[in-house]
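To start, the structure itself, in structure tokens.
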Amino acid sequence: MKYLDIGRVTGLHGVRGKVKVAAFSGDPSGVLAAKTLRLTGGRGTTPGAVGDYEVVTAQRAGGCAVFALLGIDSIEAAEPLVKAVVSIRREALPPPPEGEFYWVDAVGCLVVDEAGVPLGEVVAVEPGAAYDFLVVRRPGGEDGYLPVVEAFLRKVDTAARRVVASPPEGW
């Protein structure tokens, strides 16, 4: 079972042990449907400690998701969870909107130009100020940064593990 890190517990909400989660994507709406959260680390745990928690309720509050977790019903019980990394099972994520993809699904995709000539393999996705970048490991071993914009990405087919790109000049 594959878990994806989706956010971090940034604080508490109210006096009944609800935790506030800041989504790494900046938009918490995709995680509100989660039925179970895996929390790793936190203030009161040994490094790497993991716990799975059933979600009782989930709501949006400002730019965060707020969760009530089964068995966590007080500030004292929730406090050790602050700073924990929050993960969910990959299959629990909703399908991405048309024309979008999850970063994790792009990693490992073959990148080809419009003629089908291999350009490399996606090894990571990096956030940028204006747009994100696919980090493409080229055949020679060096990494190229391909902007994730429609002008350069012609087709992203994560199911087929293939990205058709038209890189900018000098890429």
With a cut-off of 8 Å between alpha carbons and a minimum separation of six or more residues, what is the relative contact order of the chain in percent? 19
Tell me which trypsin sites (Lys or Arg not before Pro) from region 1-89 have a DSSP coil assignment and no more than 13 other beta carbons within 10 Å of their own. 2, 16, 35, 43
Enumerate by residue number the chymotrypsin sites (Phe, Trp or Tyr not before Pro) in region 107-159 meeting two conditions: DSSP loop (anything except H, G, I, E, B), and at most 11 other Cβ atoms within 10 Å of the site's Cβ. 131
Considering just Cα atoms, how many Å³ per residue does the convex hull of region 3-92 enclose? 77
Using a ≥ b ≥ c from the Cα gyration tensor of region 103-165 (square roots of the eigenvalues), is it rounded, prolate or oblate, where a/c under 1.5 gives rounded and otherwise the larger of a/b and b/c decides, a/b for prolate? rounded
Neighbour-count ranking for 67, 24 (other C-beta within 10 angstrom, fewest to most) reads 24, 67
Kirkwood hydrodynamic radius over Cα pairs of the chain, then Stokes diffusion coefficient at 4 °C and 1.567 mPa s, in µm²/s: 73
Region 1-18-region 71-125 distance, computed between alpha-carbon centres (Å): 16
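Throughout, read-outs are computed from the coordinates displayed, never taken from laboratory work. Fair warning: this is a prediction, and the values are worked out from it, not measured in the lab. When we count neighbours, we look across all protein chains shown, and the Cβ atoms used for this are built from the backbone with ideal geometry, even at glycine.
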